[in-house]
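Presented below is the structure to which this report refers.
Since every read-out is calculated from the coordinates, none of them should be taken as a lab result. None of the values given here were measured: they were computed from a predicted structure. In this analysis, Cβ positions are derived from the backbone assuming ideal geometry, glycine residues included, and neighbour counts consider all displayed protein chains.
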Amino acid sequence: MEVILVRPTGYCLGVTSAIRLGLQAKSEHPSETIFMLGLLVHNEDAVAYMRSLGFEILDERNAPLEEQLSNLEDGSIVLFSAHGHPESFDAIAKKKNLIVYDATCRYVKENLDYARAHAGKGIVYIGAKGHLEAESFRQNAAFSGFYDVKSQSLLTRPPMDAAIALTQTTLSEEDIELALESLRREYPQIKLEKGRCHATSSRQEALKKELQKGVDAAFIIGSELSSNTKKLRDIAQSYGVKTFMALNLEELKKLDLPRYCRVILASGASTSIEEVRRCQDYLVSLSS
Ligand code: SF4
């Protein structure tokens, strides 16, 4: 089986920095519990690694993060996730004298900074309702409208005609185009100014390039929790290619795979390079 590795692979800048910051917090507070607010990055293996180092995870699926943060003892140590957080969390942290390590990715911050600098122009943010990055933006830039890519609808209107569209960092070009098409009916002047990060767009473009050459199947390595990884799967499927998604080698091995001649191997921005290599070696070994 010929296995074409789609690059870039490995952790993106935001994930690398978040894990590094977590390790720094641990080395500065070796004997104390550090609470990770939500999943630091959207990959179960990376989160399990942090847990193995003694981090405690406050999982948003159990109770609202704000409530869990409020319930921590004063002076606790917290690590904010790479996807951003509502500013109300900072206020709680200040009130409770929490020691904060903020792993918010710089690209997530840049979108928010841009919105604040252009608040008077009418902004619509395009994102996925329920995703921490999108929900944090909604709260931190409440002057913006919100277009949900899941329901493909404008859930909140800005207080004036919208001239600027911003997007969540991990959307696909197709999702964004669909949203813009719909928004232009209401706001003909609207223009996309900022959105996808390079880690997302470069992976998507590289995948499309390989798909255009023709392949028998596509393998996407990454988590179901990861928005950018799922977009890679959507893209491969949109080319009519048989597509498999697996978190890691263990999951990949469970798939009942027919014999393929030429396949693509791509991975999300929160999948480690080591995991991708393991999967690549395994797929190559299937042909021997
Ligand atoms: S996918 Fe992009 S926005 Fe998200 S953590 Fe990585 S670099 Fe940052």
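Things worth noting here:
- Between D113 and H198, the contour length at 0.36 nm per residue exceeds the alpha carbon distance by 28.8 nm.
- Given charges at Cβ of Lys, Arg, Asp, Glu: the stretch 107-196 dipole, positive-most of G120, Y107, I190: G120
- Expected 222 nm ellipticity per residue - DSSP helices of 4 or more, -39500 (n - 2.57), all of the chain, to 500: -12500 deg cm²/dmol
- Among the trypsin sites (Lys or Arg not before Pro) in the stretch 183-270, those located in a DSSP loop and surrounded by at most 15 other Cβ atoms within 10 Å of their own Cβ are K213, R259.
- Nearest-0.05 FRET efficiency for S285 and E205, computed from C-beta distance (R0 25 Å): 0.30
- Cβ-derived FRET efficiency at R0 30 Å, E186 paired with L13, nearest 0.05: 0.30
- For the chain, the residue among L211, A236, T170 whose Cα projects farthest onto the positive side of the dipole built from Cβ charges is L211.
- Shape category assigned to the chain from the gyration tensor of Cα positions, a/c cut at 1.5: oblate
- Under 16 Å from the Y239 label point (7 Å along Cα→beta-carbon), backbone N, the stretch 180-221: 201-221
- DSSP beta bridges in the stretch 1-158 [antiparallel fraction, %, rounded to 5]: 15 percent
- Placing +1 on the Cβ of every Lys and Arg and -1 on the Cβ of every Asp and Glu, with no other charges, gives the stretch 132-288 a dipole of roughly 300 debye about its Cα centre.
- DSSP H segments from the chain that extend 15 Å or more along their own axis, Cα-based, with Kyte-Doolittle mean of 1.0 or above: none
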